[in-house]
Amino acid sequence: MEKWIDILEFILYNFIFVLTVIIFSAYVILAVFSAVMLTRYLRKNSYVDYNSIILAPLIPTISVIAPAYNESKSIVANIRALLSLYYNDFEVIVVNDGSKDDTLEKIIDAYDLERVNYFFDYRIPCKRIRGVYKSRNRSFKKLTVIDKVNGGKADSLNAGINVSKNKLVVSIDADSIMEPDALLKMVKPFLEEKGKKVIGTGGVLRIANSCEIEGGLVRRVHLPGNFLARVQVLEYTRAFLMGRMAWARLDGLLLISGALGMFDREVMIRAGGYSTETVGEDMELVVRMRRLMAEEKVPYEVTYIPDPLCWTEVPERMRILGRQRNRWTRGTAETLWLHRKIFLNPRYGKFGMLGYTYWFFFEWLAPLVEFFGLIYFGILAVLGHINWSFFLLLLGFVYTFAVSLSIWAVLFEEMTFHKYEKKRDVFKLIGTAFLEPFFYHPLTVLWAVKGNYDFFIGKKSWGKMERTGFEKPKNTV
């Protein structure tokens, strides 16, 4: 028995060491690659006059689709922000997904809407559309509001795609706020197509909690006072600046956030639109569109804009955040399982060999390996078979690396976009990086484990996502 325990202990130590080296190497490579690509992007676009895009004769038309379910706290201001986007030819389609509060009534009152006869075709299946509304005020002619039977976010986006008439579609959460020039920056890759068809592009999301919002725009940026929101700033910074930039360049990007994405409408329709059978409809659509292009042998690419283009409210309560992360885990697992044919399949190029494989091992399985590894470690500790010097050395190394990665992301963001003007906000964010591994990371592992369990038992519900609404602007003298 003692011999077998020694063998298991040897296997455990070597497995942990090898896994740690692989994970850290992947993170370092992605971080360095992202830094190089971001520097090139900023240099290349430093002299770009985005106003010239407005005057381009063949500028693509855009439909901005915003699903709304019980969003009465911020819907009027958010629509105002969408209507004020700086672009020449676009429409805003707000889809009221059978809200149980007064979301629709607030929109009707604020924008003087009336129900109109509107021809459209159900090219993608969706729940029944009860009515289409337009404003009597010509100032709001770009606004179209759809009232439909509740079917969820994916179903609402499909309804918006059916009603839309334009070449490109932008999907955005109704509780998010886009930067005024977001459409100009996102459409640029579509204008620069050379040999490869651009089917989608995404941008950086920033957190609006505690920011000063006025007229549907972010007037002043503040670091969230709530710890859970603040630690999510770190997560988003790492994910967008140090992850997706690299994967887009490596042709392995699997996800364009549902909070903000621009897509080729016809490719979306041919791919079948958003799936209502998965809770991760944003990731699943990107993977399905990429499969369609690869299987039809059409050269294509999915691009990424590293500029901060959209602000969103994140959960500040642990219960709500846990539901969100549970859903993200289930969405990832569902997408990877539905499209398991891609796994290490050279037919799909770097998308299948690198992108899918990375998500499979590092985004889906890593939390499970960590969780069960901790359980196994606890058993060995009880039996007295732990090499504590090795454990403490490894723990210190992992902690130092994790904190260093977060600090690097914060500093790199400050050197590029510098959204947090107050130095104390930057120092508070760095301080949060030292606390995250102890107070937040264990929670994300538990939520991921619970999400995997719910995936295996077939749970499909989203869970109620309560929002506080954006903070009102502070009085100034």
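The values are calculated or read from the model by the stated rules, or taken from the named source; none is laboratory data. All of these numbers come straight from a predicted model, not from anything done at the bench. Note that each Cβ is placed from the backbone with ideal geometry, even for glycine, and that neighbours are counted across all protein chains shown.
What the table shows:
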item	result
Residue match in segment 147-161 (condition: loosely packed, with under 14 Cβ neighbours inside 10 Å and within 30 Å of K460 (Cα to Cα))	yes
Enumeration of residues in segment 389-404 that are in contact with a helix residue (DSSP H, G or I) (Cβ under 9 Å, 6 or more places away or on another chain) and either modelled with pLDDT under 85 or not aromatic (F, W, Y) (or both)	F390, F391, L394, V398, A402, V403, S404
For S99: the one exception among (1) part of a helix (DSSP H, G or I); (2) surrounded by 15 or more Cβ atoms within 10 Å (Cβ to Cβ)	(1)
Of residues in segment 415-428 being in a helix (DSSP H, G or I) and more than 21 Å from the chain's Cα centre (by Cα), the one farthest from V32 (Cα to Cα)	R424
Selection count where residues are in contact with a Pro (Cβ under 7 Å, 6 or more places away or on another chain) and under 20 Å from F90 (Cα atoms), scope segment 180-216	4
Qualifying residue in segment 211-226 (condition: over 30 Å from F439 (Cα atoms) and assigned to a helix (DSSP H, G or I))	no
Members of segment 379-414 that are in contact (Cβ under 8 Å) with a residue 24 or more places away in the chain, part of a helix (DSSP H, G or I) and more than 25 Å from the chain's Cα centre (by Cα)	L380, L383, F390, L394, F397, V398, Y399
Filter result (touching a strand residue (DSSP E or B) at 6+ places or on another chain (Cβ under 6 Å) and closer than 20 Å to A81 by Cα) within segment 108-135	Y111, D112, L113, Y133, K134, S135
Residues (among the hydrophobic types (A, V, I, L, M, F, W, C) and under 28 Å from L395 (Cβ atoms)) located in segment 349-372	W359, F360, F361, F362, W364, L365, A366, L368, V369, F371, F372
Some residue of segment 190-209 being touching a residue at least 40 places away in the same chain (Cβ under 8 Å), in contact with a strand residue (DSSP E or B) (Cβ under 8 Å, 6 or more places away or on another chain) and in a helix (DSSP H, G or I)	yes
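Conditions tested, residue by residue: (1) of a type in the set (V, I, T); (2) closer than 30 Å to L55 by Cβ; (3) crowded, with 23+ Cβ neighbours inside 10 Å; (4) at pLDDT below 90.
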{"residue": "V187", "(1), (2), (3), (4)": "yes, yes, yes, no"}
{"residue": "F190", "(1), (2), (3), (4)": "no, yes, no, no"}
{"residue": "E193", "(1), (2), (3), (4)": "no, yes, no, yes"}
{"residue": "K196", "(1), (2), (3), (4)": "no, yes, no, no"}
{"residue": "I207", "(1), (2), (3), (4)": "yes, no, no, no"}
{"residue": "G216", "(1), (2), (3), (4)": "no, yes, no, yes"}
{"residue": "G225", "(1), (2), (3), (4)": "no, no, no, no"}
{"residue": "L228", "(1), (2), (3), (4)": "no, no, no, no"}
{"residue": "L241", "(1), (2), (3), (4)": "no, no, yes, yes"}
